[in-house]
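Undergrad: Structure in structure tokens, see below.
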Amino acid sequence: MKNFWISLKYTLAMCVLLTLGYVLVLRLVARVASPNDGEAELVYADGKAVGAANVGQIFTDSIYFWGRPSAVDYDGGGAGGSNKGTTNPEYLAEVEGRIAAFLEAHPYLSREEVPSEMVTASGSGLDPDISVRGAEVQARRVAQARGMDEQEVLRIIGEQTEGPWLGLFGTSKVNVLKLNVALDAAQKAGRN
């Protein structure tokens, strides 16, 4: 019986130690891996917060880059996808409508050149980023609408491009809000 109680005490001590150790390791990893200690990264323009960099927002004006479509109309309280499969007729009609609208705004593109992310909603409905290609195909439209040189707009895209995390995980991406704020700032400063 004495061995049983020793074994039980040892087991309980190990459970407590490993549980606390696990939580501490997770917190340490979260501090290193998560920007701003998990808090939203606010984006400022003219000294005012204009949005959170980690939450997608809707931009429809031709002077701005557009983000991914949202199945929840960019409502953070109802984040989520549409749960419609790729063969669902309603889903296919939505995608076809988005393709037509994107091509109307970008008549210099062919259907095959439209990045899929620009016409399909994400799983969260709140993606703040697009691929570099998703930004580059919009550069001509944005440059024309702003009266800027397209090469300057492409340069700003390059400045705003974020590489993979630690150079290994994920792909290069562009935060749409930060890009639009940088364009506004560049145009205001007369950098075109």
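The values are calculated or read from the model by the stated rules, or taken from the named source; none is laboratory data. Nothing here was measured: the structure is a model prediction, and the numbers come from that model. Counting neighbours? That spans all protein chains shown, and the Cβs are built from the backbone with ideal geometry, glycine included. Each accessible area value is taken on the protein alone, full model and side chains, heavy atoms only, with ligands, DNA and RNA left out. Shrake-Rupley method; radii C 1.70, N 1.55, O 1.52, S 1.80 Å.
Undergrad: Just need log10 I(q)/I(0) for the chain at q = 0.13, 0.16 Å⁻¹, Debye formula, equal scatterers on the alpha-carbon atoms, no solvent, rounded to two decimals.
TA: -0.78, -1.09
Undergrad: How large is the accessible surface per residue of the chain, computed with a 1.4 Å probe and reported in Å² as a whole number?
TA: 62
Undergrad: Report the one residue of Gly134, Met14, Ser124 whose Cα lies farthest in the direction of the positive end of the charge dipole of the chain (charges on C-beta: Lys and Arg +1, Asp and Glu -1; origin at the Cα centre).
TA: Met14
Undergrad: Which ³J(HN,Hα) values in Hz, rounded to whole numbers, follow from the phi angles of segment 154-164 under the Karplus curve 6.51 cos²θ - 1.76 cosθ + 1.60, where θ = phi - 60° and Gly and Pro get x?
TA: So the Karplus estimates, Gly and Pro as x, are 5, 5, 5, 4, x, 5, 8, 6, 9, x, x Hz.
Undergrad: Follow-up question, since we're still on this one. Using a 1.4 Å probe on the protein chains only, how many percent of the accessible area of segment 101-192 belongs to carbon and sulfur?
TA: Percent of accessible area from carbon and sulfur atoms in segment 101-192: 51.
Undergrad: Could you pull the accessible area for Leu183 with a 1.4 Å probe, rounded to 10 Å²?
TA: Accessible area, nearest 10 Å²: 0 Å².
Undergrad: Not counting ligands, DNA or RNA, and with a 1.4 Å probe, what is Phe4's accessible surface area in Å² rounded to the nearest 10?
TA: Result for Phe4: roughly 110 Å² accessible.
Undergrad: Quick one, what does Rg over Rh come out to for segment 113-192 if you take C-alpha atoms and the Kirkwood Rh?
TA: Rg divided by Rh gives 0.99.
Undergrad: Given H placed 1.01 Å from N in the peptide plane, which residues other than close sequence neighbours of His106 have an amide H under 5 Å from its amide H?
TA: Here the answer is none, since no amide H 5 or more places off falls under 5 Å of that of His106.
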